[in-house]
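So the structure is just underneath, and the comments pick up after that.
The values are calculated or read from the model by the stated rules, or taken from the named source; none is laboratory data. Computed from a prediction, not measured in an experiment: that's the story for all the values here. Don't worry about glycine lacking a Cβ; one is built from the backbone with ideal geometry, like all the others, and counts go over all protein chains shown. Areas reflect the complete protein model, heavy atoms only, side chains present, ligands, DNA and RNA absent. Shrake-Rupley method; radii C 1.70, N 1.55, O 1.52, S 1.80 Å.
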Amino acid sequence: MPRTNQENGTVSNLKPREAEVTRRDFLRKGAVIGVGAATVGVGAEKAAARQDISWDHEADFVTIGAGTAGLAGAVSALEHGASVIMVDENYDVGGHGLVSGGNVHLGGGTSRQRKFGIEDTADMVYNDWVRFDHRDSRYSDRDLVRVFADWNASTFEWLIKHGVVFQDNYSGPGAASTVARQGRTVQWPVAEERVTHHPTRVGSGLVRALETSARRMGVQVLVEHRMTEIVREQPFSGRVLGIVAEHRGERVYIRATKGVLVATGGSSSNVNFRRTFDPRLTEEYQVAGEPWTRQSGDGELAAMKIGAALWATANQTKESGAVMSKTRYIGCKWGYSSLIWQPDSPLFDRARASGLTIFSWQNAILVNQTGRRFWDEMDNGYEYFAACLQDTGDTKRRNGGGPIWAIFDAEAVEREGWNPNPPMVDLEGYFFSGDTLAELATNIDNEYQTRGMPPATLEETVARYNSFVDSGVDEDFGKEAPMYKIQTPPFYAAWSTPILHDCLTGLRTNGKSQVMDYDGEVIPGLYCAGESQGGFAQHGLGRCLVFGRIAGRVAAMDRSIA
């Protein structure tokens with residue numbers, strides 16, 4: 001398989017001039033197709049309107065999203081002489097990267113790997129991420145992995161050049177990698193520019209460094225601008241011209257003379273879109289990173305409306321990685337395992353609670369919305385998730401399994417050292433108490449609980465579990481040596497529904513991050529990177545950075561539009 005050329009941003013031995021001629025020919029053919037299509041109902045008037053838009057802003061390169069992939073694309077395009085506008089629906093840049101663990105999966109022989117004596121090459125990266133014997137890699141698009149592997153080491157050094165500081169260690173091997181490749185960034189030092197100050201959420205050090213470089217080089221950032229449309233010359237042919245965004249109720253037209261990058265962060269927050277891949281993922285499943293940023297699917301949907309294809313969708317339902325995770329912080333709406341919303345966060349009015357950190361599931365049982373145990377509480381694998389999502393006989397929700405509640409008593413509160421009060425818990429639908437189990441069941445009132453929990457069922461469930469504590473054997477689900485009875489009031493129910501994380505599929509691209517249609521043809525002027533890109537399902541920030549960087553560079557080198 002041909003290697004990619006990191007100096008000119010090309011892949012598969014296609015030189016920039018050849019790419020330019022191919023694109024020009026495509027545009028010429030597209031113009032002819034457009035005229036013909038108008039005679040069969042596309043509408044010449046509408047097509048002409050695409051060309052006659054009164055643009056409010058213009059730049060060579062426009063990124064939809066200002067997270068990790070968008071920032072990488074912006075900095076790369078600016079480096080190569082392009083003007084850049086970044087658009088984001090949030091009030092600040094950073095996306096999911098700003099609240100991430102800052103875990104960057106890049107190897108291939110970086111300077112830091114050499115420092116720690118880790119031997120690695122681009123070929124080793126490639127071979128690891130196309131392994132047939134590993135669920136994280138077997139569905140990968142090998143063309144994309146080849147590009148990713150070849151750009152690994154240079155992208156790491158590029159981050160250092162742009163002020164990203166890494167912690168002085170390496171972790172791994174992880175996922176499909178067979179050597180240590182994961183480095184974690186140092187948290188951004190300016191406290192007021194972080195969204196969370198939790199010590200495991202250090203992604204601010206990555207995105208703020210890239211933002212600093214982008215602003216120094218002259219990027220224009222338009223926050224609170226939600227993209228509503230990607231504008232193409234014809235509905236399914238021709239070049240992408242720009243985007244339409246909504247800002248405070250007004251439509252804003254933004255022209256991109258060289259390219260538009262879809263970097264909207266994936267689709268996990270879009271219930272209808274995510275159910276395309278797994279119909280069980282109904283509305284009760286929340287998403288890591290919220291309420292800071294949504295994984296709205298807006299970029300994918302807008303691109304599909306002008307002809308883009310999805311790619312490698314099996315990655316989204318493979319039973320590995322961090323597609324879904326068990327809650328670590330219970331009694332709050334968003335309980336992702338390593339993202340705790342603290343009262344000093346500027347978003348705490350949205351998050352509403354930090355949650356109770358559970359150290360041992362011996363201190364609680366898990367029940368579904370009917371009040372029944374359904375699995376071993378100590379498990380956190382995909383069998384556990386499947387049990388959470390099982391049919392509970394709810395005629396209003398035949399797909400998703402509904403809310404999952406942690407049930408415990410006053411003695412468990414003492415053992416765990418919890419404070420079962422705000423701001424640790426959310427009393428508005430996500431944490432309940434009662435002097436009896438029957439009262440507790442009656443008190444549970446959550447927007448996703450489609451019917452009340454039967455008090456008698458919860459009482460029977462707890463009595464049966466307490467008998468297992470006496471015998472030392474969980475006869476139902478095999479929980480190892482159940483230790484503590486649930487018997488001392490007050491009794492509590494804390495929201496513990498699994499939370500969604502990675503989006504591992506999205507738009508089809510080639511190795512130059514160019515979006516493709518269902519015929520395998522490039523859509524001129526449209527790029528994609530990050531969790532909105534399909535084909536390479538790696539958890540972490542590495543793939544976002546590599547393909548964002550490639551997109552910016554390739555678009556900036558595009559000479560087909562003056």
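Taking region 174-203 and a reference point 7 angstrom along Cα→Cβ of residue 212, the backbone N atoms nearer than 12 Å belong to 186-191.
Per atom type, the chain shows carbon and sulfur on 50% of its accessible surface, probed at 1.4 Å. Summarising the amide proton neighbourhood of residue 540: residues at separation of 5 or more, or on other chains, whose placed amide H is nearer than 5 Å comprise an empty set. Coupling constants for region 87-104 follow from the phi torsions by the Karplus curve (6.51 cos²θ - 1.76 cosθ + 1.60, θ = phi - 60°), and in residue order they are 10, 9, 6, 7, 8, 8, 8, x, x, 4, x, 5, 10, 7, x, x, 8, 9 Hz; glycine and proline get x. Mind giving me the FRET efficiency for residue 191 and residue 471? R0 is 60 Å, r the Cβ-Cβ distance, nearest 0.05 is fine. Calculated value: 0.70.
Tell me whether region 88-239 comes out rounded, prolate or oblate; compute the Cα gyration tensor, take square roots of the eigenvalues as a ≥ b ≥ c, and use a/c under 1.5 as the rounded threshold. In terms of gyration-tensor shape, oblate. Ellipticity at 222 nm from helices only: DSSP H runs of n ≥ 4 in the chain, each -39500 (n - 2.57), divided by the residue count, give -8500 deg cm²/dmol.
Starting from the Cα of residue 350, move 7 Å in the Cα-to-Cβ direction to define the label point; list residues of region 80-124 whose amide nitrogen is under 15 Å from there. Residues passing the 15 Å test: 88-100.
Of the labelled figures (i) 1.03; (ii) 1.14; (iii) 1.21, only one reflects Cα Rg over 2.2 N^0.38 Å as derived from the coordinates, namely (i). When only Cα pairs below 8 angstrom with a gap of at least 6 residues are kept, region 204-282 shows a relative contact order of 16 percent. Please work out whether region 234-296 counts as rounded, prolate or oblate from its C-alpha gyration tensor, where a ≥ b ≥ c are the square roots of the eigenvalues and a/c under 1.5 means rounded, while otherwise a/b larger than b/c means prolate and anything else oblate? Taking the square roots of the gyration eigenvalues as a ≥ b ≥ c, region 234-296 is prolate. Once the chain from residue 313 to residue 135 is taken as fully extended at 0.36 nm per residue, the excess over their C-alpha distance is 62.7 nm. In this Cβ point-charge picture (+1 for Lys and Arg, -1 for Asp and Glu), region 462-562 has a dipole of about 520 debye about its Cα centre.
Label positions at residue 360 and residue 247, each projected 7 Å from the Cα along the C-beta direction, are separated by 5.6 nm. Farthest toward the positive end of the dipole of the chain, out of 345, 231, 461, is the Cα of 231, where the dipole comes from beta carbon charges about the Cα centre.
Placing R0 at 35 angstrom, the Cβ-Cβ distance between residue 116 and residue 419 gives a FRET efficiency of 0.25 after rounding to 0.05. Based on protein heavy atoms only, the chain ends up with 38 Å² per residue of surface accessible to a 1.4 Å probe. Mean sequence separation of contacting Cα pairs (under 8 Å, at least six apart), scaled by the length of the chain, corresponds to a relative contact order of 21 percent. Across region 437-449, coupling constants 3J(HN,Hα) worked out from phi with the 6.51/-1.76/1.60 Karplus curve, θ = phi - 60°, read 5, 5, 5, 4, 4, 5, 6, 5, 9, 10, 4, 9, 7 Hz, and Gly and Pro carry x.
Take every DSSP beta bridge whose two residues both sit in the chain; close to 70 percent of them are antiparallel. Put +1 on the Cβ of every Lys and Arg and -1 on every Asp and Glu Cβ in the chain; which of 452, 524, 180 then has its Cα farthest towards the positive end of the dipole? Checked the options; the winner is 524.
Between the alpha-carbon centers of region 314-350 and region 434-500, tell me the distance in whole angstrom. The two parts, judged by their Cα centres, are 23 Å apart. The modelled label-to-label distance between residue 428 and residue 275, using points 7 Å beyond Cα along the C-beta direction, is 2.6 nm. Apply the a/c threshold of 1.5 to the C-alpha gyration tensor of region 321-469 and tell me whether it is rounded, prolate or oblate. Rounded.
Less than 5 angstrom separates the built amide H of residue 241 from those of 231, 232, 233, all sequence-distant by 5 or more or on a different chain. Net charge dipole, the chain: roughly 2080 debye, given to the nearest 20, about the Cα centre with Cβ charges of +1 for Lys and Arg and -1 for Asp and Glu. Length gained on full extension, residue 463 to residue 226: 80.1 nm, using 0.36 nm per residue less the C-alpha separation.
Please go through region 366-426 and write out the trypsin sites (Lys or Arg not before Pro) that DSSP classes as loop and that have at most 14 other C-beta atoms within 10 Å. The qualifying sites are 396, 398. What the phi angles of region 314-324 give under the Karplus curve with 6.51, -1.76 and 1.60, with θ = phi - 60°, is a coupling list of 4, 4, 6, 10, 5, 8, 7, x, 10, 4, 9 Hz, glycine and proline written as x. Mean separation of Cα pairs under 8 Å and 6 or more residues apart, divided by the residue count, gives region 250-322 a relative contact order of 35 percent.
For residue 301 and residue 56, the difference between the fully extended length at 0.36 nm per residue and the C-alpha to C-alpha distance is 85.9 nm. Qualifying chymotrypsin sites (Phe, Trp or Tyr not before Pro) in region 103-133, where qualification requires a DSSP coil assignment and no more than 12 other C-beta atoms within 10 Å, comprise 116, 132.
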